[in-house]
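Here is the structure we will look at.
Every number here is computed from the coordinates shown, using simple stated rules; none is lab data. Computed from a prediction, not measured in an experiment: that's the story for all the values here. Cβ sites come from the backbone with ideal geometry, for glycine too, and all protein chains shown count toward neighbours.
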Amino acid sequence: MEKFTISVNGKNQEVTADPDMPLLWVLRDLLSMKGTKFGCGQALCGACTVHLDDEAIRSCSTPISTVGKRKVTTIEGLDKEGHHPLQDAWVEHVVPQCGYCQTGQIMNAAALLKKSPNPSDAEIEEAMAGNLCRCGTYNRIKEAILTASKSL
Amino acid sequence: MMPNFPFLKNKKAEDKSEVFVPSRRDFLKLSSLATGGFLLGVNFQCAGPKGETITFAPNVFVSITSDNEVIIVAHRSEMGTGIRTSLPQIVADELGADWSKVKIVQAEGDEEKYGNQNTDGSFSVRMFYEPMRKTGATARHMLVAAAAKKWEVSPAECHTENSQVIHSSGKKIDFGDLVAEVKDMPLPDPASITLKEFSSYKLIGKDVTIYDARDITTGKAVFGADVDLPGMQVAVVRRSPVIGAKVISFNDAKALAVPGVNRVVKIEGAGIPPGLDKALEGVAVIADNTWAAMKGREALEIEWDLGPNQTYNSAKQLEEMLQSTAKDGKVRRERGNFSTAQRAAGKVLERTYLAPFYAHATIEPPAAIAHYQGDGICEIWAPTQHPQWARQAVATALGLDLDKVKMNVTLLGGGFGRKSKPDFVVEAAILSKAAKSPVRVQWTREDDLHFDFFHSHSAQRIKATIDKDGNFTGWNHHTVFPAIGATGSTTELHPSDGELGLGCTDFPYDVPNIKIETHESTAHTRIGWLRSVSNIHHAFAIGCMMDEIAEARGIDPVKHALQMLGEDRNLEFKPETDGKYENYGEPIETFPWNTGRMKKVIERVAKEANWDQKLAEGKAVGFAAHKSFLTYVACIVVVEKDSSGKVAIPEVFYAVDCGIGVNTDRIRSQFEGGAQFATSLATTSAITFENGIPQQNNFDGYQIIRMPQSPKKIHVHIIESMEKPTGVGEPPVPPYIPALCNAMYKLTGERIYELPFKA
């Protein structure tokens, strides 16, 4: 067990953890931040997506020891009021069905829009291909990303 | 006892839906629940800023506070269909509540109090449309009476809107300001309650945004694994690798040496048959956190007696099942004489269809939290579709009376039938008792894919006869698949009447000679039900075969389906099935199988898709229609091949008749999602077994479609109807698969006889 100080949503957090513990479980179990979801543990579904600096990463496969000084942003910190343009677009298009994968989808989309504020259909499909949705909300996700990109 | 097939309506439980009849005892229960209950992480208080708040609660589903807050209880589980919005929406509309301010509270599992809570079989709206209307109307009736009395006017001159009673003079009063008067009023005679005219509804039949949209998108929504309790430990279980395997011995020394691991506990499993509501044999590692429990599990050393299923190979069984369909089977429906038709036929088409095991693969793997308290009380938080069954299963496993088990229902991160089964909830309860602390049992994706209650693999053979004049004269359908019932009983070797009623014995086409037969097979894993159940493989086979028959007869497949449905009329299946057709648990007199309604959805989808148009090079369309769960659906899928030879699905057209539509946006979303779900079943997903063990471990092996493979534009056309409402969770899936296969045939010239096919 080791002590780590990581920056989560602009706040320094000190945790004692196995260096191999994935960031996902640090967030969920040690910091009780439940917005980031567990889906596969192998970076195959994207439900656990958070940002390390501006990069969307799969927190289930990112050991705490590799986070270092990079800033972690989770769904709880994407927008203080919970009104990031993507969050508003998600509600406007009523994207969620069960909703479980959606925080990961939104975080992944937010990283895309940072890099590419006006993505094409093809860019969206490529960027979102790592995020699974079993309910099948893909088309509304795409529409919501397009809507949000217009309001940015 | 639980019904054998919870996805069919349980009539006994349905009778309890009459709990809308107001009861003072329930009012007291609800009040205590509302003030003290931990419900989806919301601990709301009835005391408001103005001082002591009083509450009017004419029944268990609705209460109104003196602060003018309208609270509606959602008693069915939310797994993505929108039911947590749709049923309260009905109550609010009848009541005249201000929807933007309605608070929805999730009910705990208690069927004595709320009536049926088994969220399965696409029957929530079907079963509760009327009771929810009466629930809202009763409260409205009482509020109007109280206001009329106060104003000394006739109740007939008053109506409700925006959580106010409004008099024809324009006078208004908030519901909240009537609570003091109305709360002790005698309850009205249910016969005196009048329901609103459909045309006056403001919410029913409209697009209404789901209640949880904002919480979901901000990460605040509480799913199964999100509940945190003080002192909670986390358990991960190494389960019997082969169903029926038993632990001979285990060494937990290395597991206990992992920092954070506190305890290792053996779970006694049910063996063979494994049952639908029991834990599997296993060894649990209980730790301070999930990661420590996972690492501890890796360090376990277990010696297993693998038992009889260790030689099970699913490909071999499927081949044997296919061979069996060439023989005479057990006759399950008969009309005319197929043998005679076959002898007289000018042409006999004989085709076989294979479909694999499917896993539910909800993105939220099973997880449940239990807190066994020393005084013999067990409180649970779980993403369960069937809270009452979970409660019973926990009570049985722990030897408790039912009333000692409190079942809190969280949101479900997908269900599709998996989370009807309470095995994971039972595990949490057993482990909390052993650990003497609250425990969350956490399944990994590998656990989920290995220990699912799978949709059964299946083999089918269909023979169709065409006489010398080109008439379609005979239909002989053989179907074989390990039955759901086999999970609970080793003597269940044939598909049940219930499973056959899902798209097989209810074959609707007007063919003079019909013979439907089944064959024996055994289950070597846990079989369950997946979104639309045996309709999946039955619709695949029938929809593809009908396309071939139309082609053989030289008739367009849409025209052929319309022709073969015959005159507009109600169909009867009981006489030809020896009285065994179940009609999804509904009397066929109340919910008839009407060919006219089916023809209407077919005509509509053909019109919307512009079926008769000439398509561009590299594009093709396929059609199928299938009624399931009492909802009529027709589907047209467009496929295209790009220059690199890759196949895409640019457009899908659906027409649906589900009677009255409650939340039209959620109807469309179920169809949009259903098309995606069915695309996975058709093109990417399969579970196979070797040595009794599923060979797919995670989403790399068990693939579901991703955004680039998804059908792009999905057009959903809802038939306007005043017929009784029926569900839409499952009906989008069955017709989509054959429509896609038929489109692929047009595109490639090759028929599809086995799922999944590679697009």
Tensor-based shape of chain B (alpha-carbon gyration tensor, a/c under 1.5 rounded, otherwise prolate or oblate): oblate
Share of alpha-carbon pairs per 5 Å distance bin for the stretch A:2-74, given as whole %: 4, 19, 32, 30, 13, 2
C-alpha long axis of helix A:138-151 to longest principal axis of chain A, angle in °: 90
Sum of side-chain charges, B:Q703 neighbourhood, beta-carbon under 13 Å (Lys, Arg +1; Asp, Glu -1): +3
Whole-Å semi-axes of the ellipsoid equivalent to the stretch B:394-450 (Cα gyration tensor, √5λ, descending): 21, 15, 11
Equivalent ellipsoid semi-axes, the stretch B:201-323, via Cα gyration tensor eigenvalues times 5, rooted, Å: 36, 28, 12
Considering only the stretch B:51-162, percent of DSSP beta bridges that pair antiparallel, nearest 5: 55
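Calculate, in nm to one decimal, what B:E112 and B:A257 gain on full extension: separation in residues at 0.36 nm each, minus their alpha carbon distance. Can you show the working numbers first?
Working: separation 145, 0.36 × 145 = 52.20 nm, distance 4.68 nm.
Taking B:E112 through B:A257 to full extension adds about 47.5 nm, to one decimal.
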Radius of gyration and Dmax over the Cα atoms of chain A, both given in Å: 15.0, 46
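As a footprinting exposure proxy, order B:T491, A:T73, A:T137, A:T36 by other Cβ within 10 Å, with the fewest listed first.
Going from least to most buried by this count: B:T491, A:T73, A:T36, A:T137.
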Modelled FRET efficiency - R0 30 Å, B:K712 with B:F198, Cβ distances, 0.05 increments: 0.30
Distance (nanometres) between label positions extended 7 Å along Cα→Cβ at B:D467 and B:E319: 4.1
Theoretical FRET efficiency, 1/(1+(r/R0)^6), r = Cβ-Cβ of B:I54 and B:N162, R0 25 Å, to 0.05: 0.75
The protein assembly as shown - mean residue ellipticity at 222 nm from DSSP helices (-39,500 (n - 2.57) per run, n ≥ 4, rounded to 500): -8500 deg cm²/dmol
Dipole axis of the protein assembly as shown (+1 Lys, Arg; -1 Asp, Glu on Cβ), positive-most option in A:A148, B:S192, B:V73: A:A148
Charge-dipole axis of the stretch B:712-759 as Lys and Arg at +1 and Asp and Glu at -1 on Cβ define it, positive-most pick from B:G749, B:I737, B:H715: B:G749
Rounded to the nearest 20 debye, dipole of chain B from Cβ charges on Lys, Arg, Asp, Glu: 520
Magnitude of the charge dipole, the stretch A:1-103, Cβ model with Lys/Arg +1 and Asp/Glu -1, debye to 20: 160
Positive dipole terminus of the protein assembly as shown, leading residue within B:S249, B:F623, B:Q164 (C-beta point charges): B:F623
Between the stretch A:65-110 and the stretch B:571-609, the Cα center-to-center distance that results, in Å: 44
Tensor-based shape of the protein assembly as shown (alpha-carbon gyration tensor, a/c under 1.5 rounded, otherwise prolate or oblate): rounded
Kirkwood Rh, Cα atoms: Rg over Rh of the stretch A:85-151: 0.91
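Over chain B, calculate the relative contact order: mean separation of alpha carbon pairs under 8 Å at least 6 apart, over the residue count, as a percent.
14
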Other-chain or far-sequence residues with amide H under 5 Å of B:N663's (modelled H): B:G205
Relative packing of B:400-411, B:636-647, which averages over residues the other C-beta atoms within 10 Å, highest first: B:400-411, B:636-647
Helix A:102-115 axis, angle to chain A major axis (alpha carbon atoms, nearest 10°): 80
Net dipole in debye of the stretch A:85-151 [+1 Lys, Arg Cβ; -1 Asp, Glu Cβ; about Cα centre; nearest 20]: 140
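Going by C-beta contacts inside 10 Å, put A:C45, B:C741 in order with the fewest on the left.
Listing A:C45, B:C741 from fewest to most nearby Cβ atoms yields B:C741, A:C45.
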Tensor-based shape of the stretch B:156-203 (alpha-carbon gyration tensor, a/c under 1.5 rounded, otherwise prolate or oblate): oblate
Average partner coverage of A:64-77, which counts Cβ from other chains inside 10 Å: 1
Modelled FRET efficiency - R0 51 Å, B:E608 with B:T522, Cβ distances, 0.05 increments: 0.70
Order of A:M1, B:M722, B:M79 under a 10 Å beta carbon neighbour criterion, fewest first: B:M722, A:M1, B:M79
Euclidean distance between Cα centres, the stretch B:327-377 to the stretch B:192-256, Å: 27
Full-extension gain in nm, B:E723 to B:K206, via 0.36 nm per residue minus C-alpha separation: 184.5 nm
Tail fraction, Cα-Cα pairs, the stretch A:63-110, threshold 15 Å, whole percent: 50
